[in-house]
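The values are calculated or read from the model by the stated rules, or taken from the named source; none is laboratory data. Just so we're clear, the structure is a prediction, and the values are computed from it rather than from any experiment. For neighbour counting, all protein chains shown are included, and Cβ atoms are generated from backbone atoms with ideal geometry for every residue, glycine included. Note: areas computed on protein heavy atoms with side chains; ligands, DNA, RNA excluded. Shrake-Rupley method; radii C 1.70, N 1.55, O 1.52, S 1.80 Å.
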Amino acid sequence: MKKLFYILCIALMVASCGVSNKAGKDKVVVGVCHNGTSETTKGYFRKCIEDAGGVCVIFPEYTLTDAQAQEYVKGVDAVIIPGSNANDTTGRKNYDAKVIKATLDAGKPILGICFGHQRIAKDNGGKMAKVAAACPGTSIKHKDKDSTGFNVGLNSQAHPMIVDRDSKLFKLLGKQDTVMVNTSHIWCVTEVPAGFKVVGRAPDGCIEAYEAERIMGVQFHPEFLYGKMGIKQFLPIFENLVNEAAQVKKSNKK
């Protein structure tokens, strides 16, 4: 009964987005893990995914079982593991781990953002540490709020990221060696899993991006950079996810 409920939830969400009509039935559906975030931020994700040519589905609740994670992933073509809400005390990493595994097992593209970037790396054999320990003496404010609590780093292009020229990300971001990104984190990835490649770093050495086959992780928040601030340079990150998912979808139909 629960399995049927999860299938119906995903089906209803997809149908409500217009994918069930004839014109949109082949559109890529991107599932975004539930993270307790605000409706405003969910709107940023919707804009990014829709402008990239896909359909956005926010998973309706935390994933409690392996079976539920598999049903969520079965109902979409790609997955985003987003950043963590500051007020989230659910132990979300245990839930996300199930979705990450289900996505990778299904061979579907996945994008990790901030917390999601960290979890994908950690769950596949990478290592993490607090920025203060990983980059001692750094002058970069990776987590920066003003006296009112406004998240300055998240809502601005806060620091440079040096991009590896021999990477997909380099092409996606307009073939620029240095790109200004936003920031909002106290933890960072210090070692990526086998088969992953570090493709972006802050000047202090903090890992800002990695990639592997059908996997991309970014420590910054492209959903704010494009979805809120309208910086078009970051839309291709979402276009790449949608395009990769479309290729997998096409291949699976053969």
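Each DSSP beta bridge with both residues in the chain is either parallel or antiparallel, and the antiparallel ones are about 60%.
Geometric descriptor of the stretch 31-155, per residue, is 128 Å³ (volume of the convex hull of the Cα atoms).
Trypsin sites (Lys or Arg not before Pro) within the stretch 153-252: which are DSSP loop residues with at most 14 other Cβ atoms inside 10 Å? Please list the in-between numbers first.
On the way: sites: 165, 168, 171, 175, 197, 201, 214, 228, 232, 249, 250; in loops: 165, 175, 214, 228.
Taking the stretch 153-252 and a limit of 14 other Cβ atoms within 10 Å, the loop trypsin sites (Lys or Arg not before Pro) found are 165, 175.
Report, to the nearest 10°, how far helix 92-106 tilts away from the longest principal axis of the Cα atoms in the chain, using its own Cα long axis and a range of 0 to 90°. Around 60 degrees separate the two axes. Accessible-area rank, largest first, for 61, 213: 213, 61, with all protein chains present and a 1.4 angstrom probe. Dimensions of the stretch 156-254 along the principal axes, based on C-alpha atoms and rounded to the nearest Å, stand at 46, 34, 24, largest first.
Note on residue 106 and residue 128: their simple-model spin labels are 2.3 nm apart, each label 7 Å out from Cα toward Cβ.
Distant-in-sequence amide contacts of residue 209, defined by a placed amide H-H separation under 5 Å and a gap of 5 or more residues or a different chain, comprise 199, 200, 219.
Placing +1 on the Cβ of every Lys and Arg and -1 on the Cβ of every Asp and Glu, with nothing else charged, gives the stretch 106-223 a dipole about its Cα centre of roughly 180 debye. A simple charge model with +1 on the Cβ of Lys and Arg, -1 on the Cβ of Asp and Glu and nothing else charged puts the dipole of the chain at about 540 debye relative to its Cα centre. Farthest toward the positive end of the dipole of the chain, out of 243, 100, 136, is the Cα of 243, where the dipole comes from beta carbon charges about the Cα centre.
Ignoring ligands, DNA and RNA, what percent of the accessible area of the stretch 179-234 is carbon or sulfur (1.4 Å)?
Working: 1050 of 1920 Å².
Answer for the stretch 179-234 is 55 percent, counting heavy atoms of protein chains only.
Ordered by solvent-accessible area of protein heavy atoms (1.4 Å probe), largest first, the residues 59, 115 come out as 115, 59. Of the chymotrypsin sites (Phe, Trp or Tyr not before Pro) found in the stretch 138-207, those in coil by DSSP whose Cβ has at most 12 other Cβ atoms within 10 Å are 150.
Helix 235-253 and the long axis of the chain differ in direction by around 40°, with both axes built from C-alpha atoms. Computed per residue of the chain from DSSP H runs no shorter than four, each worth -39500 (n - 2.57), the mean residue ellipticity at 222 nm is -11000 deg cm²/dmol. Per residue, the accessible area of the chain comes to 47 Å², computed with a 1.4 Å probe over protein heavy atoms only.
May I have the convex hull volume per residue, in Å³, for the Cα set of the chain? Mind dumping the intermediate values first?
Numbers: hull volume 32.7 nm³, N = 254.
It is 129 Å³ per residue.
With a 1.4 Å probe and all protein chains kept in place, how do 244, 191 rank by accessible area, largest first?
Values: 244 30, 191 85 Å².
Highest to lowest solvent-accessible surface, that is 191, 244.
Taking the charge dipole of the chain about its Cα centre, with +1 at Lys and Arg Cβ atoms and -1 at Asp and Glu Cβ atoms, the residue from 68, 172, 147 reaching farthest to the positive side is 68. In sequence order, the stretch 181-195 has phi-based couplings of 10, 8, 7, 6, 7, 10, 10, 8, 7, 10, 8, 8, x, 4, x Hz under the Karplus curve 6.51 cos²θ - 1.76 cosθ + 1.60, θ = phi - 60°, and Gly or Pro positions carry x. Compared with the alpha-carbon gap, the fully stretched path from residue 145 to residue 191 is longer by 13.8 nm at 0.36 nm per residue.
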